[in-house]
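The values are calculated or read from the model by the stated rules, or taken from the named source; none is laboratory data. In this text, all values refer to a predicted model and were calculated from it rather than measured experimentally. Note that we place each Cβ from the backbone using ideal geometry, even for glycine, and neighbour counts take in every protein chain shown. Ligands, DNA and RNA are stripped out before the accessible areas are found, and what is left, the full protein with its side chains, is counted by its heavy atoms. Shrake-Rupley method; radii C 1.70, N 1.55, O 1.52, S 1.80 Å.
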Number of protein chains: 2
Amino acid sequence: MSQPAAKAVKRVCMRDHIRDILVGRILDGTYPAGTQLKELYLAREFDVSQAPIREALRELEGSGLVSSERFRGTRVRGADFAEMRESYELRMMLEMRSVALAAPYKPDLLADLAGYLREMDTAVKADDSEAYIDNALRFHRRLVESSGNRTFLAVWDSLLWDIRGRIALRRLAEMGKSLKTLVSMHKALLGRLRAQDVAGATERVQALLARVSSAFDQNGATR
Amino acid sequence: MSQPAAKAVKRVCMRDHIRDILVGRILDGTYPAGTQLKELYLAREFDVSQAPIREALRELEGSGLVSSERFRGTRVRGADFAEMRESYELRMMLEMRSVALAAPYKPDLLADLAGYLREMDTAVKADDSEAYIDNALRFHRRLVESSGNRTFLAVWDSLLWDIRGRIALRRLAEMGKSLKTLVSMHKALLGRLRAQDVAGATERVQALLARVSSAFDQNGATR
DNA sequence: AAGCTGTCGATTATCGATAATCGTCCCGTG
DNA sequence: CACGGGACGATTATCGATAATCGACAGCTT
């Protein structure tokens, strides 16, 4: 699966390059849900052969971004709200358990989280939701990483939170919910972690993700 | 030498066929951990081109069975016991939560589980561990499926329990642990489900998986 | 002998072309 | 007019061949 850290420089591998471009286009709406990604068409556009396109598409399929049927092509998968909620339920479990496993919380973990939180705060004040989400994801991924459970991290990564998160944020914005609340919830969480309060921290993680997940409730209400 | 299996069933898709064969070989030890799977070599053996081999390998990579480095080939990944234990922790979370979500337990679910359990019982009496594990996996997968959470099921599926389970069973056998205990634990679980006892059932699921997971404890002791 | 450099063999990544498959449209039939 | 049968176009799956890359080793320099 794709790694969070992308090599900025010289790509030795066409398919990685293509994959990243395709992910970008799906994210920014160039390819809306349902768009068929035709191999030869893309091959011509990127001036490569069909092979690297196929491999990139298969990689996207593995991460659930697109789905393909035999001989019938590959299409961009839409954001199914019910499925979103379900995936947030899993994420909640993963992160809550991670908070328990990560205890006691080491200074370098706390320092990292504090750094991300600071960036989140700055981003929200600058009304830069892209920067907010980038750092929020780093924050949460770091939490899962600190559990020491590689399977947790692999599954967390596989769920493509950079995509789901952006959709959630857009929804929350549409619902008029401010990111400021999320930042303060993260602050509270970090406070509990600093106090080595496992139960408290777990509770905050749950509350936090429940709030984000509420973007996908049928009526859109937080209740 | 060419493979007679190629003619067995009319596969529309070579890569699926090849993938299944490769999985089988990794499972039965034909390809021990660390074996390099060379594309052209396999291509000649299966009498196909390199392309479908590559696609099959990439699929295996996606499910963690093998890992590949750029230009350095694809190798069979070994069974890391620590990682096994970690994956069982996730499985435990998934199944415990599924038991909670699936309530109240419908008659058709209970009937399916009872059917699988019967097969498990028969298999153990016939000392057929293959049949046991097949049905045990059906039992557990059905449980996760009944949660109604598609993400849960997708993640559960992605963890390749047919492989991990077999390894666990082999270990348990080496440790002299009988499958009979596992069958009776499943019986107890089904009893709790029939009684609509969510807490009790959850507890049994945990105990059950903990016992299997113990195959990967450092010393091999159940404690 | 240690270090550097260039070449070679093995293997993967990519190419350009062909075969297989699916959906559709046209046509004849009832 | 509804309906099945085949030809066609579009697209994917696979092929056979070539280019790119890596690891190792030999030969040269010091």
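Here are the numbers:
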quantity	calculated
Elements of type helices (runs of 4 or more DSSP H) in the range A:61-155, at least 3 residues being more than 14 Å from chain B (Cβ to nearest Cβ) and closer than 30 Å to B:M84 by Cβ	A:107-125, A:129-145
Residues within the range B:81-131 that are farther than 30 Å from B:Q218 by Cβ, open to solvent by 50 Å² or more (accessible area, probe 1.4 Å) and small (G, A, S), tallied	2
Of residues in the range B:3-27 being at pLDDT below 80 and of a type in the set (D, E, K, R), the one nearest to DNA strand D (Cβ to nearest atom)	B:R11
The range A:185-199, subset within 21 Å of the chain's Cα centre (by Cα) and farther than 12 Å from A:A136 by Cα, residue surrounded by the fewest Cβ atoms within 10 Å (Cβ to Cβ)	A:L190
Conditions (1) within 13 Å of DNA strand C (Cβ to nearest atom); (2) part of a loop (DSSP other than H, G, I, E, B); (3) open to solvent by 50 Å² or more (accessible area, probe 1.4 Å): number failed by B:V48	(3)
Subset tally (residues that are assigned to a helix (DSSP H, G or I), over 16 Å from B:Y116 (Cα atoms) and not acidic (D, E)) for the range B:166-180	8
Residue satisfying condition, being farther than 18 Å from B:N135 by Cβ and open to solvent by less than 30 Å² (accessible area, probe 1.4 Å), within set B:A215, B:A154	B:A215
Selection from the range A:13-45 of residues that are part of a strand (DSSP E or B) and open to solvent by less than 30 Å² (accessible area, probe 1.4 Å)	A:L37
Scope the range B:87-108; condition in contact with a Lys or Arg (Cβ under 7 Å, 6 or more places away or on another chain) and modelled with pLDDT of 95 or more; matching residues	B:M93
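Matching residues to (1) within 15 Å of DNA strand C (Cβ to nearest atom); (2) within 30 Å of A:A210 (Cβ to Cβ):
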| site | (1), (2) |
| --- | --- |
| A:R25 | no, no |
| A:Y31 | no, no |
| A:R54 | yes, no |
| A:G62 | no, yes |
| A:L65 | no, yes |
| A:S68 | yes, no |
